[in-house]
Every structure is written in C-alpha cells, then in structure tokens.
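**Student:** Below is the structure I would like to discuss, written out as structure tokens.
The values are calculated or read from the model by the stated rules, or taken from the named source; none is laboratory data. All of these numbers come straight from a predicted model, not from anything done at the bench. For neighbour counting, all protein chains shown are included, and Cβ atoms are generated from backbone atoms with ideal geometry for every residue, glycine included.
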Amino acid sequence: MGPLTGKRILLVVGGGIAAYKVLDLIRRLRERGAHVRAAMTKAAAEFVTPLSVASLTGDKVYDDLFSLTDEAEMGHIELSRDADLLVVAPATADLLAKLANGLANDLASTLLLATDKKVLAAPAMNLRMWLHPATQRNVAILRKDGVLFVGPENGDMACGEYGPGRMAEPLEIVAAITSALESDTAIPLPPGIGARASGTNGTLAGKRVVVTSGPTHEPIDPVRYIANRSSGKQGHAIARAAAQAGADVALISGPVALPDPPGVQTIHVQTAREMLSAVDAALPADIFVATAAVADWRMAETGDSKLKKSGNGAPKLNLVENPDILAAIARRNQARPKLVVGFAAETNDVLAHARKKLDAKGCDMIVANDVSPSTGIMGGDKNAIHIVTREGIDSWPTLDKDEVARRLLARLAKELTA
C-alpha cells in the first residue's frame, strides 16, 4: 500500500488551457490508490469534457451549485468535507482571486470556501496575469491563509510567450499531494465554535457505535474464496453518519473497494470469524449495527495449495456454518449493546423473512431490503428499506444510501433516549 491508498481527493478543475493535464493527473492518482472526485467550473468544460473526467474518476462530475438532486443526496458542504485534500488544477487567476477574497458564486468557489481541509493550488495562466500585482497579492494572502502551492513553472505558453505561469506537470502535483497528506489536513474551528457541527454536541455525542460492513471472504484454497456481492456502501455510510452525529465509532469492514470513513476507527478483516473477534474487541457499545453480508458457510478445512482439475468432476467442498455474529451479540448476557440492529438482504418475501430474523436473532430491529438483481441495490448507491421491529413496520422510499444512514442514526438516537 502506498501513501495515497484510500486517500480522498476533491479535484477542482478551473477553466484554462492546462485543464487537459487533469486527465493524466486523475489517472496517476487512481494508479496510486487514491479516490478522486471532480468539480468543474463552467469555463473548465470548454477545455475538457465532463464525460472524460467522469470516466477517469469513476464518479459523476459536480458542476452545479443549485442542483436539487445533489443537495438532497450530498450537498456542497459534505462534498467539500468528505475529502482529505482539495486540489485546484488548473488554479486560474479567477479562482485564486475568488478564494483570496472569500467569493462563492459557483460550486467550485463555494467548495473551496466551505471545506474544512487544506487546499493545494496548481496555478496556470499567462505570465503577465501571474506577475500582475493583483494576482501576486492574492497568492500572498492565500499562502498566509494556509493554502499550499505547487508551481507554476517557467515554460512556453499556449499564447506563444515564455515565462512563469505554466502549470506543474501531473507527477509534480502528485508529489505535492503526497507531501501535503503526510500531515493532518484538517482545519479546526476556533475553540467553542461549531461544536455541534463537529460532533462534540451531536445527537450521538458520548455514545459508542460499532458497525460491520461489506462481505466476508472465506478461503477455499490460497486462490479461491466464498463471498457475495456486497459493496459495503451502506455500512460505510452508517459509520460515517454516526461519526458526524458525534459518536465514537468502530467500523469492522470486510474486503471492500471503499476508503475508510473520516473520524472512524476502521478495522479490516477477511473472514466471519475475524469479524466476530473484532466486534467482541470493539465492545462495549451503545449501538451495534450489523450491516455486513457475512458468508453463511466456510470450508471445514482450507486447502494449502490450489485445487486442480482432476478430470473426475468438480471437487466436493466440505462446508460448515460460520458464526452468527448478529445473534451472538444480541444474545450476550454481558456487555450487550442497548440497541442491536441487523440487516436482512432478501430476494423474495422480504418482510416475512425479516420478521423471522428479528425473532430468531434476538435483536431489536431489522433493516430489510430487496436485493434482487433488478433493484440494483446490491453494489448500487440507492436503497429502499423497511424498518422491522416488534411494534410494526416502517417502509421508507428509495433514498441515497447516505440519506438512509442519516435517517437510521437519527431514529436510533431517539431510541436511546426513549
């Protein structure tokens, strides 16, 4: 694992001819394991297409401050704060001036003003624009404010001139990003300000929440394993929402292709038995949310070498049941969390199976959903859930998984104080 593995970069693309270099920059960051989201100014779209940027980041491109869908699902505040570092490339004279003077009249400038993380700027502009006293004054202000810079370099300009103003090359920017992330990039608020927003006075302040997420991988031999299609998106969203609500959060994660949520203690495991051991070690807790799709079976004995075809048909796999993590925690006599919540991912008879699971596991709540292939929920970004308790069923509309997490944690916080 390299220094950028799992790091979250929000790339703000300005409108300049150097914008074409961000495509290579994104590719270099992704090669090193970083997760990249991009926000583009309208001018940037004149130089590089949002489709090209989206195809390389693997995520949508954000470009509209007033998108109602984005505001419902994420919002510019969360978008700016979900990153470990904001990178502005190319950082045009216009973007630098807006940031230096606190202007926020589009999504890019609003993100830069609303973030609680450091900003790294890679300036790119005509040499006279760079040398203009106004730009130099803005850069001096930004440096004093803590903004980091990489470049600009001396070189040939698209306008035919030569001098300072050429954007740093992608690998130079990658090196600057790596250096910036070697230290804490969070920007704290002054003491006594924003306590609720920072979680110290949130709805779950002082509470301990343990969450499991993702699949488990049960080895058959050194190459093959038993698993399922869980992406871990819902579990990670719940852990993230719990931290934002002020809780002390432990996330026990199976193998997923997701970054660790900020402000969360993440313990990575592979198998069901490892997950149960990690959950036990993370207790006591006020809330336990078993979101992970734990494999029901494992091999009685794992092969020491890769199974080979013998010509006599498929090998017989001797399977045994894995421990039932949800039931084990729900039935604890000591250190049982006050609220134990399970998930029931079903492909048919969702509510009937959820009711049975509620009784069989001894938990306090089941969050049931239909994960049939036609729903797109398994591995997708949306979820449609039913909250099943002994008092009844509460069915929610299809929501973004982050919104499901926020609503679920708000309900659990009320349950704790009931």
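**Student:** State whether the residues of region 265-277 include one that is surrounded by 21 or more Cβ atoms within 10 Å (Cβ to Cβ) and farther than 24 Å from residue 369 by Cα.
**Tutor:** Scanning region 265-277, I find at least one residue that is surrounded by 21 or more Cβ atoms within 10 Å (Cβ to Cβ) and farther than 24 Å from residue 369 by Cα, so the answer is yes.
**Student:** A follow-up question, please. So which residues in region 160-214 are modelled with pLDDT of 90 or more and more than 30 Å from residue 131 (Cβ to Cβ), if there are any at all?
**Tutor:** Within region 160-214, 181, 204, 207, 208, 209, 210, 211, 212, 213, 214 qualify.
**Student:** Now for a different question. Determine which member of the set 44, 83, 38 is at pLDDT 85 or above and in contact with a Ser or Thr (Cβ under 7 Å, 6 or more places away or on another chain). Steps first, please.
**Tutor:** Values: 44 fails: in contact with a Ser or Thr (Cβ under 7 Å, 6 or more places away or on another chain); 83 fails: in contact with a Ser or Thr (Cβ under 7 Å, 6 or more places away or on another chain).
Result of the check over 44, 83, 38: 38.
**Student:** Taking only region 397-414 into account, find how many residues are of a type in the set (Gly, Ala, Ser) and either without any contact (Cβ under 8 Å) to a residue 24 or more places away in the chain or surrounded by 15 or more Cβ atoms within 10 Å (Cβ to Cβ) (or both). Walk me through how you get there before you give the answer.
**Tutor:** Step one: list which residues in region 397-414 are of a type in the set (Gly, Ala, Ser), which gives 405, 410, 413.
Right, trim to either without any contact (Cβ under 8 Å) to a residue 24 or more places away in the chain or surrounded by 15 or more Cβ atoms within 10 Å (Cβ to Cβ) (or both) and you get 405, 413.
The total comes to 2.
**Student:** Being under 28 Å from the mean Cα position of the chain (by Cα) and of a type in the set (Gly, Ala, Ser) is the filter; apply it to region 331-353 and report the residue that is surrounded by the fewest Cβ atoms within 10 Å (Cβ to Cβ).
**Tutor:** Taking the candidates together, the pick is 345.
**Student:** So if I check each of 314, 328, which one is of a type in the set (Gly, Ala, Ser), under 21 Å from residue 216 (Cβ atoms) and surrounded by fewer than 18 Cβ atoms within 10 Å (Cβ to Cβ)? Please lay out each step first, then the result.
**Tutor:** On the way: 314 fails: under 21 Å from residue 216 (Cβ atoms).
Answer to the selection: 328.
**Student:** Which of the strands (runs of 3 or more DSSP E) found entirely inside region 291-389 contain at least 3 residues meeting this: touching an Asp or Glu at 6+ places or on another chain (Cβ under 8 Å)?
**Tutor:** Details: elements: 297-299, 319-321, 339-346, 365-370, 385-389.
Output list reads 297-299, 339-346, 365-370, 385-389.
**Student:** What is the one condition in (1) buried (at least 20 other Cβ atoms within 10 Å of the Cβ); (2) in a loop (DSSP other than H, G, I, E, B); (3) under 20 Å from the mean Cα position of the chain (by Cα) that residue 285 does not satisfy?
**Tutor:** Tallying (1) buried (at least 20 other Cβ atoms within 10 Å of the Cβ); (2) in a loop (DSSP other than H, G, I, E, B); (3) under 20 Å from the mean Cα position of the chain (by Cα), residue 285 fails exactly one: (3).
**Student:** For region 289-311: of the residues being hydroxyl-bearing (Ser, Thr, Tyr) and in contact (Cβ under 8 Å) with a residue 40 or more places away in the chain, which is surrounded by the fewest Cβ atoms within 10 Å (Cβ to Cβ)?
**Tutor:** 305
**Student:** May I ask you to list the residues in region 33-56 that are in contact (Cβ under 8 Å) with a residue 40 or more places away in the chain and either polar (S, T, N, Q) or in contact with a Pro (Cβ under 8 Å, 6 or more places away or on another chain) (or both)?
**Tutor:** Listed by number, the residues that qualify are 35, 40, 41.
**Student:** Of all residues in region 204-244, which are outside any helix (DSSP H, G or I), more than 30 Å from residue 304 (Cα to Cα) and basic (Lys, Arg)?
**Tutor:** Here is the first cut: in region 204-244, the ones outside any helix (DSSP H, G or I) are 204-232.
Within this subset, residues satisfying the condition of being more than 30 Å from residue 304 (Cα to Cα) are 204-211.
Listed by number, the residues that qualify are 207, 208.
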